[in-house]
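No value in this document is a laboratory result; all are computed from the given coordinates. In this text the structure is predicted, and so the values were computed from the model without any measurement. Every residue, glycine as well, gets a Cβ built from its backbone with ideal geometry; the counts of neighbours run over all protein chains shown.
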Amino acid sequence: MTSPSIPENSSVPSSSAAAAASTSAAAASGSAAPSSAAAEEPGLHPWTRYVAIGDSFTEGIGDPSPESTGGHRGWADRVAEELARSREGFSYANLAIRGRLLDQIINEQLEPALELHPDLITICAGGNDVIRPGGDPDKLAEKMDAAIAKLSSGGATVVLFTGPDLGTTPVIGSVRGRVAIYNENLRTVAARHHAVIADTWALRELSNREMWAPDRLHFSPLGHHTIAAMVLDTLGVPHTLEPLEPKPIPARNWRTARTEDLTWAREYFVPWVVRRVRHRSSGDGIAAKRPDAGPIFGGPGMPPGSAD
C-alpha cells in the first residue's frame, strides 16, 4: 500500500482530561466535539451509541460470564459499561462472532453496524486470516482500508485494533512477523481515514501468561480487563478500571510443563487444526450476542445489577 502523509489531527492525546481527549478523538474521526456541558463534567464523553464488530476477541471469548449477554463479557462489554456511566441514553451493540474471517466480518457485519447509526465503532479483524497458512498481510490491509473508509464515512469515531505481539505464544508465535507487517499496514489505514489506533501490540502486559485463557488462543478475564482499560485510555475517557497485577506463576519442573503442553495440545490445538482442515469454524451456527443497540449495565438510572 502507498503510505499517505499522516494527518495532523489523526492522533489521540494521552492527557487524562476528559474534555481535551474527547475533543481530540472526535476531531480525529471527523465527528463533532462534545458540548461545553460535557467538557465541564468529569468523565463525560461525546459518544451515545457504540457498535463493536469483529471475531472472538470482540465477542469476549476467554472471559466467561453467565450474567453477561451471550455468556461472555470481554473487553468491549467492559468499555461499554464504563462509557454508559456518564452518558444518559447510551446504547451498545456487539455484532462480533467467533471464528469469523475478514471477508465474513466485512460482508456480514459492516452494513448492520452502519444501520444502527453509531457514533463510535470498534473493529478488530483479520487476525484469523493472518495466522492461517498463506495469510497475506498486504492483501488483508487493502480490504481493511476499504472497510474503514466505509465505517468512517458517516462521521463516527472508528477505533482500529492492531494485533497483539505473539512472540511468547506457543505455536501461533511463529506468525509474529506477519502480524507485525499487518499492524504497520493498519497504522497507514488509520492515518488515511483519521481512525484511532488501539495498540494491543504495544501492550506489554499481554506477554504475561495470566493474560491468556487456558486455550492460549484467547485472552483471559484479566487480559480483557487490561485491554478495556487501554481502549478507554486511548479514547481519553476517565474510567474505574484499575490496573490489575497478575499473580506470580508457581515454579514448574520440566515434567509438569510437558504434561500441561500435551493436555493443551489435545484439548485445544488439535481441535483447532481439525476445524481448519475441514473448513469449519467455532462460530458456525452462532449469532451476534447483541445485534441491536440497547442500554447496558452501568448507565444512568439503572439500578445495580440490572441490564436489558
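Once the other residues with Cβ under 11 Å from the Cβ of ASP129 are scored (Lys, Arg +1; Asp, Glu -1), what is the net sum? Walk me through the numbers before you get to the answer.
On the way: positive: ARG100, ARG132, LYS139, LYS143, ARG178; negative: ASP55, ASP103, ASP136.
The answer is +2.
Using 7 Å Cα-to-Cβ label points, what is the LEU114/ASP136 separation (nm, one decimal)?
In this crude spin-label approximation the distance works out to 2.5 nm.
What distance in nm separates the simple spin-label points at THR188 and ASP292, each placed 7 Å from Cα in the Cβ direction?
So the two model labels end up 4.2 nm from each other.
Check SER91: other-chain or 5+ apart residues with amide H under 5 Å from its amide H, H built from backbone geometry?
Here the answer is ARG49, TYR50, since their amide H atoms fall under 5 Å of that of SER91.
What does the extension gain come out to for SER153 and SER65, with contour length at 0.36 nm per residue minus their alpha carbon separation?
Taking SER153 through SER65 to full extension adds about 28.2 nm, to one decimal.
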